[in-house]
Amino acid sequence: MFKVLVSDPISDVGLKSLIEDPMVDLTIQTGLEKEQLLNIIGNFDALLVRSQTKVTAEVINAGKNLKVIGRAGVGVDNIDLDAATDRGILVINAPDGNTISTAEHAFAMLISMARNIPQAHGKLKHGVWDRKNFTGVELNKKVLGVVGVGRIGAEVAKRAKAFNMDILGFDPFMSQERAEQLGITLASVEQIFEKADFVTFHTPLTKETKYMLDKPQFAKMKKGVRIVNCARGGIVNEEALYDAIKEGIVAGAALDVFEEEPAVGNPLLELPQLVATPHLGASTEEAQLNVAIDVAEEVANVLHGKGFKNAVNLAILPEEDFAELKPYLKLGQKLGSLAAQISTGRIEKLEITYAGNIADLKCEPLSRYIIRGLLSYHLADDVNYINAYKAAKSKHVEIVESKTHTSKGFANLVSISVKTANEYIQVAGSLLNGYGAKIVNINGYTVDANPVGNLLLAQHTDKPGIIGIVGTMLGEADINIATMQVGRKVAGGDAVMVLGVDKRIPEDVVKKLEAVSGINSIFNVDLQN
Ligand SMILES: NC(=O)c1ccc[n+]([C@@H]2O[C@H](COP(=O)([O-])OP(=O)(O)OC[C@H]3O[C@@H](n4cnc5c(N)ncnc54)[C@H](O)[C@@H]3O)[C@@H](O)[C@H]2O)c1
Ligand SMILES: O=C(O)CC[C@@H](O)C(=O)O
């Protein structure tokens with residue numbers, strides 16, 4: 001018998017496949033305190049949660065028999081994925097079932113904010129007939145900025161179209177064709193922030209999206225802008241939002257998600273301009289049924305050793321398939337991530353070339369790591385080793401792989417080229433005997449950089465003094481340079497500088513570096529994971 005614990009409220013109709021499975025012994029015990037969960041988790045083969053149960057490393061390590069953790073929903077931020085992967089426990093989610101409900105919720109928040117419905121309702125319930133303080137605004141002909149046009153963002157855009165809104169959208173994977181299909185005008189995030197009357201966020205919380213709407217962005221927004229966040233707390237900086245509301249830049253904000261949840265006591269809740277719900281985006285009968293069905297079926301499949309679709313971590317790598325490739329996997333992932341971080345525009349195509357002795361190996365698993373590195377910069381945990389090709393296909397990224405024995409003097413060389421709507425980026429890496437993994441080429445410039453930690457990459461004119469200026473500016477910002485590499489094609493032409501730095505460079509320092517005469521571009525690259 002497989003023992004399965006459901007520790008958050010999950011639709012019991014949706015759990016039918018597990019309830020009726022003669023091989024499954026199902027326990028539903030919600031609202032457990034941490035100690036109670038720690039005491040019982042060791043008895044179970046599978047754990048099913050929503051977002052309330054915090055599946056920490058401690059819980060995972062106490063789950064001696066755990067084989068699979070199922071998340072009835074999209075975000076897996078309440079599950080310690082690294083700890084699960086270390087223990088060989090598969091984590092699966094249910095990414096599709098709550099799309100419509102969340103899009104409808106975001107739209108409901110947008111309308112109720114525009115017309116002050118919650119505030120007026122509150123007053124009337126307390127016996128006050130106040131008509132003069134609740135004049136709202138129409139949606140008709142207003143500019144709506146949709147940041148993140150994936151499953152939910154696209155559904156929100158469709159609804160906004162029906163309200164005759166002009167929609168600006170940004171998503172690193174949205175093509176012109178897809179934008180036209182949805183009636184969206186493609187725009188940069190900066191353009192959205194400058195032009196929109198309403199901005200709604202539908203991205204995951206990643207290093208790139210954390211605080212993407214912060215004080216400097218608020219300063220450039222239209223006075224009277226209204227903000228919706230039904231994606232994840234932390235995409236909008238709450239402190240900056242509070243100030244922007246107080247300063248009259250933001251006329252209203254509608255939040256379903258918060259940096260700290262439960263958000264009881266959050267200062268934003270004191271502001272009359274704020275409309276808030278306690279993370280209810282997916283809380284409909286339909287969504288909860290859908291995600292419960294999906295996750296229950298997937299968990300049963302895992303327990304019975306059958307196929308499954310939505311694995312979030314890499315717990316079940318068939319290592320024997322690629323023992324010889326293993327040393328290259330991290331390098332591949334880092335090369336993909338580097339290319340994502342130094343490219344701009346929608347990623348259209350990824351070309352991978354395996355050269356030298358690696359060309360004799362079956363490289364598909366390595367390609368999966370490269371794709372994951374490239375796409376996870378924007379898609380976070382939605383892309384993994386297992387679904388890498390599928391994720392690329394769903395985002396219309398063409399993958400081309402080739403092999404050659406000509407490897408430019410290296411015993412082995414992994415080169416990747418990324419074609420975006422704006423440019424063509426090339427990076428290459430190699431496993432050097434005795435030195436480990438190295439980045440050996442960036443956009444045609446020979447370099448010798450370790451693919452780890454924080455890197456500063458500067459493309460600049462090869463002239464005296466530039467390196468000194470960069471060094472001084474970093475020194476003044478108390479940033480230690482650990483390694484330094486400069487690559488150039490001809491003296492006095494263009495060059496690339498790659499600095500390994502001990503901590504991430506703050507954005508204001510990056511801005512100052514960008515302004516240095518002779519520096520053409522700066523990238524603050526994070527290769528820690
Ligand atoms: N409030 C809720 O209850 C609730 C319910 C479901 C989902 N969510 C959250 O909503 C978010 C979106 O879910 P989804 O199902 O649409 O995911 P999705 O993966 O289909 O879409 C997310 C999109 O964001 C894009 N993106 C990533 N980085 C970006 C950036 N810097 N700028 C612009 N776009 C960027 C991705 O390319 C992707 O297309 C997730 O964070 C999810 O956890 C919240
Ligand atoms: O379980 C919930 O209600 C939260 C759902 C949502 O945040 C998700 O990421 O799917």
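The values are calculated or read from the model by the stated rules, or taken from the named source; none is laboratory data. Since the model is a prediction, treat every value here as computed from it, not as a measurement. Cβ: placed from backbone, ideal geometry, glycine included. Neighbour counts: every protein chain shown.
Points worth noting:
- Annotation: of all residues in segment 81-113 being within 16 Å of ligand 2 (Cβ to nearest atom) and of a type in the set (Asp, Glu), the one that is surrounded by the most Cβ atoms within 10 Å (Cβ to Cβ) is 104.
- Subset tally (residues that are without any contact (Cβ under 8 Å) to a residue 12 or more places away in the chain and closer than 21 Å to residue 311 by Cα) for segment 31-80: 0
- Scanning segment 307-322 turns up one or more residues that are away from ligand 1 (no atom under 16 Å from the Cβ), free of Cβ contacts under 8 Å to residues at least 40 places away in the same chain and over 30 Å from residue 436 (Cβ atoms).
- Hits in segment 225-270 - residues which are of a type in the set (Asp, Glu), closer than 21 Å to residue 145 by Cβ and either crowded, with 19+ Cβ neighbours inside 10 Å or within 13 Å of ligand 1 (Cβ to nearest atom) (or both): 238, 256
- Of all residues making up segment 178-215, the number that are surrounded by 17 or more Cβ atoms within 10 Å (Cβ to Cβ), in contact with a Phe, Trp or Tyr (Cβ under 8 Å, 6 or more places away or on another chain) and of a type in the set (Gly, Ala, Ser): 1
- Candidates 431, 474 - the one that is hydrophobic (A, V, I, L, M, F, W, C), closer than 19 Å to residue 502 by Cβ and either assigned to a strand (DSSP E or B) or outside the structural domain of residue 334 (by TED's automatic domain parsing) (or both): 474
- Qualifying residues in segment 295-351 (those that are small (Gly, Ala, Ser) and under 28 Å from residue 72 (Cα atoms)) - the one modelled with the lowest pLDDT: 315
- Spans of strands (runs of 3 or more DSSP E) in segment 1-80 with at least 3 residues surrounded by 19 or more Cβ atoms within 10 Å (Cβ to Cβ) and modelled with pLDDT of 95 or more: 2-6, 46-49, 68-71
- Within segment 489-520, considering residues that are in contact with a Lys or Arg (Cβ under 8 Å, 6 or more places away or on another chain) and farther than 23 Å from residue 451 by Cβ, the one surrounded by the fewest Cβ atoms within 10 Å (Cβ to Cβ): 492
- Some residue of segment 378-392 being touching a helix residue (DSSP H, G or I) at 6+ places or on another chain (Cβ under 6 Å), of a type in the set (A, V, I, L, M) and in a loop (DSSP other than H, G, I, E, B): yes
- Residue check, residue 199 in contact with a strand residue (DSSP E or B) (Cβ under 6 Å, 6 or more places away or on another chain) and of a type in the set (A, V, I, L, M): yes
- Cross-chain or 6+ apart pairs with Cβ under 9 Å, segment 10-30 first and without any contact (Cβ under 8 Å) to a residue 12 or more places away in the chain, then among the aliphatic types (A, V, I, L, M): 19/26; 19/296; 22/1
- Search result, residues across segment 475-494 that are at positive phi and at pLDDT 90 or above: 478
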